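Visitor: Below are the structure tokens for one structure; questions will follow.
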Amino acid sequence: MARDSSKPECKQEAGGVFAPVIDRMRCEAKEDCVEACPYDVFEVHKLSDDDKRAMPLIARVKAWVHGNRQAFAVRAEECHACGLCVTACPEHAIKLMRVASA
């Protein structure tokens, strides 16, 4: 199978060792992660009421200022741990965390 030259050299195969975790206290929904990720792991959308209730007050206020929108790793299983999202996020809201093995 030929390698897609538009994809970066990544550290891992999809669906295993690492997954992106977004810090709800930092994310401002600027969509840099969406643009940077070659595997379409991220989407930015409106926070649900449950999402907002789970956040501390200061994070809810910050989210409100930014239109109650944040990034979500909706396809985290597609993450290849390339780190482009981590580098692209201006708020430093994304970390790649090791996934607990079953």
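Visitor: Would you please list the contacts, defined by Cβ atoms under 9 Å and residues six or more apart or on different chains, that run from a residue in the range 57-78 that is closer than 30 Å to GLN12 by Cα to a residue that is hydrophobic (A, V, I, L, M, F, W, C) and part of a helix (DSSP H, G or I)?
Guide: ARG69/ALA63; GLN70/ALA63; ALA71/CYS33; ALA71/VAL34; ALA71/CYS85; ALA73/CYS33; ALA73/CYS85
Visitor: Can I ask one more? So, in the range 71-102, exactly how many residues are of a type in the set (A, V, I, L, M) and more than 10 Å from the chain's Cα centre (by Cα)?
Guide: The total comes to 7.
Visitor: Quick one: count up the residues across the range 31-42 that are touching a strand residue (DSSP E or B) at 6+ places or on another chain (Cβ under 8 Å) and either farther than 18 Å from LEU96 by Cβ or aliphatic (A, V, I, L, M) (or both).
Guide: 3
Visitor: Filter the range 67-102 down to the residues that are loosely packed, with under 15 Cβ neighbours inside 10 Å and either under 14 Å from GLU31 (Cβ atoms) or among the aromatic types (Phe, Trp, Tyr) (or both) and list them by number.
Guide: GLY67, VAL74, PRO90
Visitor: Further question on the same structure: Can we say LEU47 is more than 13 Å from the chain's Cα centre (by Cα), within 12 Å of ARG24 (Cα to Cα) and loosely packed, with under 14 Cβ neighbours inside 10 Å?
Guide: Judged against the criteria, LEU47 is not a match.
Quick note: the coordinates plus some simple rules give every number you see, no bench work behind them. Bear in mind that the values here come from a model prediction, so they are computed numbers and not experimental data. Positions of Cβ are generated from backbone atoms using ideal geometry, with glycine treated the same way; all protein chains shown enter the neighbour counts.
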